[in-house]
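The values are calculated or read from the model by the stated rules, or taken from the named source; none is laboratory data. Values in this document were obtained by computation on a predicted structure and should not be read as measured data. Glycine gets a Cβ as well: all are built from the backbone with ideal geometry, and neighbour counts include every protein chain shown.
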Amino acid sequence: MRVQIIADCYLPSTKSSAKLIHDLGVEFRRQGHEVRIAAPDDTLVSDRVINREEGMTVMRFHSGKIKGTSKYLRGFHESRLSALLWNSGRDVFEAQPADLIVFYSPSIFFGSLVGKLKRLWGCPAYLILRDIFPQWAIDAGVLNKGPAYWFFCRKEVEQYSVADVIGVQSPANLNYFRDRGWADRYRLDVLYNWTTLDEQDVPKTDFRTEWGLQDKVVFFYGGNIGVAQDMHNVVRLADSLRDDPAVRFLLVGDGSEVHRLQADVSARGLTNISLRPAVGQREYLGMLSEFDVGLITLDGHLKTQNFPGKLLGYMYYSKPILASINPGNDLQDMVEEFDCGLVCRNGDDAEFRERAVRLASDALLRQRLGLNGRLLLEERFAVSRTVKQILSAVGLNPATSAAMPRAA
């Protein structure tokens, strides 16, 4: 079967979603399907580049900058994604039909393109919904209910309408559709994030020595540094532990809040926290393999739920999780059920500190939680079951997919 995957980024992008798309495509290929991936790339000089990579056809299209720019430029560039990919890749799309479209959100702006391709190919489409936007932006206070909001809402509904199945990332996300009376309008599927369980190509690194972190317990965060993450939460934690010589915080990534975060760290005069720009995938894996605790932080005002992709990297390398998240997020239930980390409510700085101290002072606790996380990864987040579930949901695979909760 021919599978067309559409996403807003792909390797070598350091976004966690780029790795998710890579692992998904490789698994479709491993299961015998022909895979084509289409994604924008703001680093390209030419209009498009088409390569064969790991047995897949990867089409990268030149686009304006989406990450690490102003919200106005990002909105403008993202709003053009469907037209950009269609205009640049129309000849390929018309010559090479697919039997299934899998598209990933964010971005919310692929609805128009997917609608064209469905009409052209007569095939189903599965939406992997990982960002309920614009609702999270309203919750976080970065967007008001003005003209931009209603434009985004229209695009949100457009992408839902062209999808034959919508895969949300946690059972709690089903409430978003139920609360709006949409549960009967769309076919909903709970599709957890995924990762490969194959041994990954990790370079031999020694960042501890290079950065003077020997004999330190390093709390590591890798990924987007934006409003929804509330990274100032971690800066306050570092400030509360500034007198503990054994603890260090390392934040690696890009995003809209980097400059404000750097200013916050400087204003507090902190020396126990470092911010570094995003790195390549192999270098990032090297960091994951070296450091001690994986950090997750989500703004406490968010009402939609989120399982950050970075969680899977932490579990792959058996790292315990320290999470500060929004109320009602069922990530807490999962982490506590499988005993793979310590979780608190975002905004409770005293509890966040207490949990960090427990992890920093108890190596055996870190080891136990990390090993439990690896077991959880193998049980629930293997990419092989993800592919089977997608195919089963759209009726293209007669085999029964792994049992997962679904909307009533």
- Message: Taking the condition of being of a type in the set (Val, Ile, Thr) and touching a helix residue (DSSP H, G or I) at 6+ places or on another chain (Cβ under 6 Å), how many residues in region 45-77 meet it?
- Response: 1
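Among the candidates 19, 118, 67, 71, which residue alone is surrounded by fewer than 22 Cβ atoms within 10 Å (Cβ to Cβ), among the basic types (Lys, Arg) and within 22 Å of residue 310 (Cβ to Cβ)?
Result: 67 is the single residue among 19, 118, 67, 71 that is surrounded by fewer than 22 Cβ atoms within 10 Å (Cβ to Cβ), among the basic types (Lys, Arg) and within 22 Å of residue 310 (Cβ to Cβ).
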- Task: For residue 133, indicate whether it is closer than 19 Å to residue 306 by Cβ and among the hydrophobic types (A, V, I, L, M, F, W, C).
- Result: yes
- Task: Determine, yes or no, whether residue 343 is within 30 Å of residue 1 (Cα to Cα) and modelled with pLDDT of 95 or more.
- Result: no
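Every residue, every condition in (1) over 24 Å from the mean Cα position of the chain (by Cα); (2) of a type in the set (Val, Ile, Thr), yes or no:
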residue	(1), (2)
335	no, yes
347	no, no
354	yes, no
361	yes, no
- Message: List pairs: first residue in region 220-235 and closer than 12 Å to residue 278 by Cβ, second residue among the β-branched types (Val, Ile, Thr) and in a loop (DSSP other than H, G, I, E, B) anywhere in the structure, Cβ distance under 9 angstrom, at least six positions apart or on different chains.
- Response: 222/14; 222/279; 223/14
- Within region 93-107, residues free of Cβ contacts under 8 Å to residues at least 24 places away in the same chain and either among the aromatic types (Phe, Trp, Tyr) or over 19 Å from residue 48 (Cα atoms) (or both) come out as none
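Rundown of residues vs (1) buried (at least 21 other Cβ atoms within 10 Å of the Cβ); (2) touching a Lys or Arg at 6+ places or on another chain (Cβ under 7 Å), yes/no style:
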{"site": "12", "(1), (2)": "no, no"}
{"site": "34", "(1), (2)": "no, yes"}
{"site": "95", "(1), (2)": "no, no"}
{"site": "113", "(1), (2)": "yes, no"}
- Quick one: in region 240-249, which of the residues that are of a type outside the set (Lys, Arg) and crowded, with 20+ Cβ neighbours inside 10 Å is nearest to the chain's Cα centre (by Cα)? 249
- Message: Could you go through region 187-198 and let me know if any residue there is surrounded by fewer than 16 Cβ atoms within 10 Å (Cβ to Cβ), at pLDDT below 95 and within 22 Å of residue 277 (Cβ to Cβ).
- Response: no
- Message: Can you tell me how many residues within region 236-265 are touching a helix residue (DSSP H, G or I) at 6+ places or on another chain (Cβ under 8 Å), under 14 Å from residue 277 (Cβ atoms) and β-branched (Val, Ile, Thr)?
- Response: 1
- List, please: which pairs have Cβ atoms under 6 Å, are six or more places apart or on different chains, and start with a residue in region 344-365 that is of a type in the set (S, T, N, Q) and end with one that is surrounded by 14 or more Cβ atoms within 10 Å (Cβ to Cβ)? 346/300; 346/324; 346/325; 346/326
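Could you tell me which of the residues 283, 351, 336 is assigned to a helix (DSSP H, G or I), touching a strand residue (DSSP E or B) at 6+ places or on another chain (Cβ under 7 Å), surrounded by fewer than 20 Cβ atoms within 10 Å (Cβ to Cβ) and at pLDDT below 95?
One residue alone meets the criteria, 336.
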- Within region 1-92, strands (runs of 3 or more DSSP E) holding 1 or more residues that are touching a residue at least 60 places away in the same chain (Cβ under 8 Å): 2-6, 34-41
- Task: Report yes if some residue within region 148-159 is at pLDDT 95 or above, surrounded by fewer than 20 Cβ atoms within 10 Å (Cβ to Cβ), of a type in the set (Val, Ile, Thr) and more than 30 Å from residue 327 (Cα to Cα); otherwise report no.
- Result: no
